[in-house]
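Engineer: Pasting in a structure now, in structure tokens, and then I'll have a few things to ask.
The values are calculated or read from the model by the stated rules, or taken from the named source; none is laboratory data. Values in this document were obtained by computation on a predicted structure and should not be read as measured data. Cβ: placed from backbone, ideal geometry, glycine included. Neighbour counts: every protein chain shown.
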């Protein structure tokens, strides 16, 4: 079986889907691995590193994809790339299927068996494949560092001969993987940290990292969704949530928002009227910018200044740390590939919850129900 590792062409994407160590693993399992020339440059992996691992380096992506049985990527394949895929081949990448419906249809037309690392079930067995968690961890860390660089105040408490500087107040909205890493990073920098999440069960994790947990009184499991994700909440809950957030946001120097519901527009946690009560010099780091943003004023891909409040909608933060991001993503990918190809060949076991969960097109049909529903409503 021929595996193709493509060079990412999406602007700002510096990650790669395989590193030399994972290529050795594939070759050991009997696969032939071909890497597009320059695929690892953004992650500081040279073609020679891949050659030493046993891969063939191919300069012409047309011939590379014409032979490939399995294509591995980070970003969703572009229209032009899908045109080059071999009919009936298999493809794996990060892919928000409900956002890229035209590409989903194209994959169906070419009878591609397509897997999204976004759609993997959150089970113990799939933990080593959980690319969303590995990349969100990086996002949470980097967001706080970038936010600190925007601030015009110190993060830690400082006692100096010239006087005492109080610690910055940081509010983290959402205590998933990204949020917990943001809490830990802000605490390491010496800030006073508070966190809010719709799931009451994360309170213990938040407090174990030294942050204060902000709670909205509720007798229901308003924000608890399947598989450990947050879900959309009731209107009454949202009103009480916004009143509480507004009270805390007015005192914060930095706010990091991380509420990202897979495949759906990001919920608005910070409407314009809340930004209006923030103090000049405060910062909002919006980690949900790729799905529109948790702040009403976020401009995806831009850093803006609104009445002295910096709102940072930088996209794809994991790609700003490509060495470790690629290392982690490649290990997620190889765990999935070893599960999908236990003997070096694809075993399309649709009764397997990991394989069927990640699969979204197969035999020229959409197999992922939310994607099918989104297409019928489009």
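Engineer: Would you mention how many residues in the stretch 304-318 are more than 19 Å from residue 133 (Cα to Cα) and either at pLDDT below 95 or in contact with a helix residue (DSSP H, G or I) (Cβ under 9 Å, 6 or more places away or on another chain) (or both)? Explain how you work it out, then say what you get.
Structural biologist: In the first step, residues of the stretch 304-318 are kept if they are more than 19 Å from residue 133 (Cα to Cα); the result is 304-313.
Okay, now just the ones that are also either at pLDDT below 95 or in contact with a helix residue (DSSP H, G or I) (Cβ under 9 Å, 6 or more places away or on another chain) (or both), so 306-307, 309-313.
Residues that pass the stated criteria total 7.
Engineer: Out of the residues in the stretch 332-344 that are at pLDDT 95 or above and over 11 Å from residue 129 (Cα atoms), state the one that is surrounded by the fewest Cβ atoms within 10 Å (Cβ to Cβ). It would help to see each step written out before you state the result.
Structural biologist: At the first step, the residues of the stretch 332-344 found to be at pLDDT 95 or above are 332-341.
Filter again for over 11 Å from residue 129 (Cα atoms), leaving 340-341.
Numbers: 340: 23, 341: 20.
Of everything passing the filter in the stretch 332-344, 341 is surrounded by the fewest Cβ atoms within 10 Å (Cβ to Cβ).
Engineer: How many of the residues making up the stretch 58-104 are over 26 Å from residue 266 (Cβ atoms), surrounded by 16 or more Cβ atoms within 10 Å (Cβ to Cβ) and either touching a strand residue (DSSP E or B) at 6+ places or on another chain (Cβ under 7 Å) or not assigned by TED's automatic domain parsing to the domain that holds residue 10 (or both)?
Structural biologist: Filtering the stretch 58-104 for residues over 26 Å from residue 266 (Cβ atoms) gives 58-72, 80-91.
Those still in the list that are surrounded by 16 or more Cβ atoms within 10 Å (Cβ to Cβ) too: 58, 61, 64-65, 68-72, 81-82, 84-86, 89-91.
When the remaining residues are screened for being either touching a strand residue (DSSP E or B) at 6+ places or on another chain (Cβ under 7 Å) or not assigned by TED's automatic domain parsing to the domain that holds residue 10 (or both), the result is 58, 61, 64-65, 68-72, 85, 89-91.
Here the count works out to 13.
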